[in-house]
Amino acid sequence: QLQLVESGGGLVQPGGSVRLSCAVSGFTSDYYYIGWFRQVPGKEREGVSCIGVGSGSANYADSVKDRFTISIDNADSMVYLQMNSLKAEDTAVYYCAARPGWWCGLSLGDYDYWGQGTQVTVST
């Protein structure tokens with residue numbers, strides 16, 4: 001089964017950038033997709049971005065369009081989330097998740113496998 005490990009979180013200033021990484025292991029084909037989600041205390045977990053490993057198709061939440069970019073490095077089985085122009089409201093625990101499939105979506109319930117999360121704090 002798939003295993004996911006997030007890394008790259010930390011403290012960043014507003015307007016700054018950070019790149020989150022999701023190491024994916026245990027896959028046997030490209031018939032799956034990866035999503036990034038985030039959650040703050042007292043709020044529902046929300047989808048941020050996703051990408052189909054096999055399809056290459058990506059989607060973004062409206063709140064991060066034109067600021068975040070999701071990508072895949074097939075050489076090391078990594079999925080990245082490049083986050084630019086960060087805002088205080090981007091502060092959250094970020095999770096990567098996966099499920100078998102072709103076209104990715106941002107519905108939380110669609111995902112079968114989850115990482116443990118990495119904290120991103122946007123603050124001065």
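The values are calculated or read from the model by the stated rules, or taken from the named source; none is laboratory data. In this text the structure is predicted, and so the values were computed from the model without any measurement. Cβ: placed from backbone, ideal geometry, glycine included. Neighbour counts: every protein chain shown. Accessible surface areas use protein heavy atoms only, side chains included; no ligands, DNA or RNA. Shrake-Rupley method; radii C 1.70, N 1.55, O 1.52, S 1.80 Å.
Computed quantities for the displayed model
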| read-out | value |
| --- | --- |
| In nm, spacing of pseudo-spin labels at residue 110 and residue 13 (7 Å Cα→C-beta vector) | 3.8 nm |
| Per-peptide average of other Cβ atoms within 10 Å, ordering 65-72, 9-16 highest first | 65-72, 9-16 |
| Convex hull per residue volume in Å³, alpha carbons only, for the chain | 91 Å³ |
| 5 angstrom amide H check on residue 68, placed H, neighbours 5+ away | 84 |
| Positive minus negative residues near residue 82 (Lys, Arg vs Asp, Glu; Cβ under 10 Å) | +2 |
| Relative contact order, percent, the chain [alpha-carbon distance under 8 Å, six or more residues apart] | 37 percent |
| Percent accessible area from carbon and sulfur atoms, the chain, protein chains only, probe 1.4 Å | 46 percent |
| Computed lengthening from residue 73 to residue 89, 0.36 nm per intervening residue step minus Cα-Cα distance | 3.0 nm |
| Surface per residue (accessible, 1.4 Å probe) for region 21-124, Å² | 49 Å² |
| Volume in Å³ per residue [convex hull over Cα atoms, computed for region 1-59] | 118 Å³ |
